[in-house]
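Take a look at the structure below.
The values are calculated or read from the model by the stated rules, or taken from the named source; none is laboratory data. Being a predicted model, the structure only gives us computed values, none of them experimental. When we count neighbours, we look across all protein chains shown, and the Cβ atoms used for this are built from the backbone with ideal geometry, even at glycine.
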């Protein structure tokens with residue numbers, strides 16, 4: 001008779017397998033939001049927040065023992081859809097701003113204001129501009 005037919009051996013081996021890992025034992029029904037400090041049903045949380053709150057058997061022990069910052073959908077920040085131009089002070093949708101301008105919302109300039117700035121010739125107002133003849137004189 002094989003040692004695997006023995007009930008004790010089977011029980012000892014099953015502790016190292018993943019059988020029943022997704023059985024739903026120990027599933028959470030509610031979570032506590034750290035910002036509004038209320039106990040809410042799982043529907044109030046995103047899938048990422050729920051995953052963060054559940055025990056991960058594959059993670060290091062230190063990960064599961066750390067307290068997690070879990071916030072509900074109501075308290076989590078939404079994606080920014082509009083910016084305010086620092087030049088004309090108009091609030092416009094993101095497609096009116098260049099991608100490079102979107103990175104720093106405080107200094108963002110809309111495309112129209114950027115074009116105006118590019119069209120302005122900074123050196124045209126300087127009366128002391130040297131000509132090429134003056135430059136050739138030094139050679």
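Return the residue satisfying two criteria in turn: it lies in segment 77-95 and is out of contact with any helix residue (DSSP H, G or I) (no Cβ under 8 Å at 6 or more places or on another chain) and assigned to a loop (DSSP other than H, G, I, E, B), and of such residues it is nearest to residue 106 (Cα to Cα).
This residue is 89.
Looking for something modelled with pLDDT of 90 or more, in contact with a strand residue (DSSP E or B) (Cβ under 9 Å, 6 or more places away or on another chain) and part of a loop (DSSP other than H, G, I, E, B) - is there at least one such residue anywhere in segment 46-62?
The answer is no; no qualifying residue exists.
Name the single residue that is nearest to residue 110 (Cα to Cα) among those in segment 31-76 being surrounded by fewer than 12 Cβ atoms within 10 Å (Cβ to Cβ) and in contact with a helix residue (DSSP H, G or I) (Cβ under 9 Å, 6 or more places away or on another chain).
69
Which residues, counting only those in segment 96-111, are in a helix (DSSP H, G or I) and under 23 Å from the mean Cα position of the chain (by Cα)?
First, the residues of segment 96-111 that are in a helix (DSSP H, G or I): 96, 99-102, 105-107, 111.
If the condition is that a residue be in a helix (DSSP H, G or I) and under 23 Å from the mean Cα position of the chain (by Cα), then 96, 99, 100, 101, 102, 105, 106, 107 are the ones that fit.
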